[in-house]
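Colleague: Input: one structure, supplied below.
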Amino acid sequence: MAAIVFGLLTASNLAPAQAAKSLPPRQSAKHYDVAAYVWPAYHPDDRAKIFWPLGIGEWETIMGNKPKFEGHDQPHFPIWGYVNEADRYVMEMEIAAAADHGVNVFIYGWDHSPRTFKDKGSIITNNTPENFEQALRLAKAFADAHPKQAPLITINSWNEWSESSYLEPDTKNGYSRLEAVRRVFGNDAK
């Protein structure tokens, strides 16, 4: 199955050659493509009303989140609210936030969920921003140790809220996951 990949680009009023000449000389840093999978279920879809009767997609699942056991780190809710990700202005905001934090590729039509493993679910534990940043550093070290391979880092995922796999900011941790991406791969990379 092929995934549709959309690069997140920034625009400039200058032609590329002019822009390059106007920049001060600097050491070249290694470029990494940081891709996040996008789960396209956070928008109205009449076909999905059998699962989500309000017609706002998987947000209905997130609205009803409750801890599954004592100590379960739930619920988490989106800082941006229950937005319609089919709205171009919402996606413009999300793309800008992603690009500002070093995520420069979105991958759409691919579901990396526990449902794909013969319906064996899982509960993620220790999913902290600090542990996420450590995993990013390990992924970067792996990419650096394999210079003949494309330096592509894939993250599951941009918005898979129902599986606690998202980069979008939440009410508990704010932008901390996106900030971790920026510290490791973006302008703040060390």
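Colleague: Relative contact order for segment 30-185 using alpha-carbon pairs under 8 Å, separation at least 6, rounded to a whole percent?
Modeller: About 35 percent, as a whole number.
Colleague: Go through segment 27-70 and name the GluC sites (Glu not before Pro) that are in a DSSP coil and have 10 or fewer other Cβ atoms within 10 Å of their Cβ.
Modeller: Loop-located and lightly packed - 70.
Colleague: Could the peptides 170-182, 132-144 be put in order, highest first, of the mean number of other beta-carbon atoms found within 10 Å of their residues? Don't jump to the answer; show the numbers that get you there.
Modeller: On the way: 170-182: 17.9, 132-144: 15.1.
So the peptides 170-182, 132-144, ranked by packing, come out 170-182, 132-144.
Colleague: When the Karplus curve 6.51 cos²θ - 1.76 cosθ + 1.60 is applied with θ = phi - 60°, which whole-Hz ³J(HN,Hα) does each residue of segment 48-60 get, with x for Gly and Pro?
Modeller: Each residue's phi maps through the Karplus curve to give 8, 4, 5, 9, 10, x, 6, x, 10, x, 5, 4, 4 Hz.
FYI, it's all coordinate maths here, none of it is from the lab. All figures in this text were calculated on a predicted structure; none of them were measured in a lab. Cβ coordinates were reconstructed from backbone atoms using ideal geometry, including for glycine residues, and neighbour counts include every protein chain displayed.
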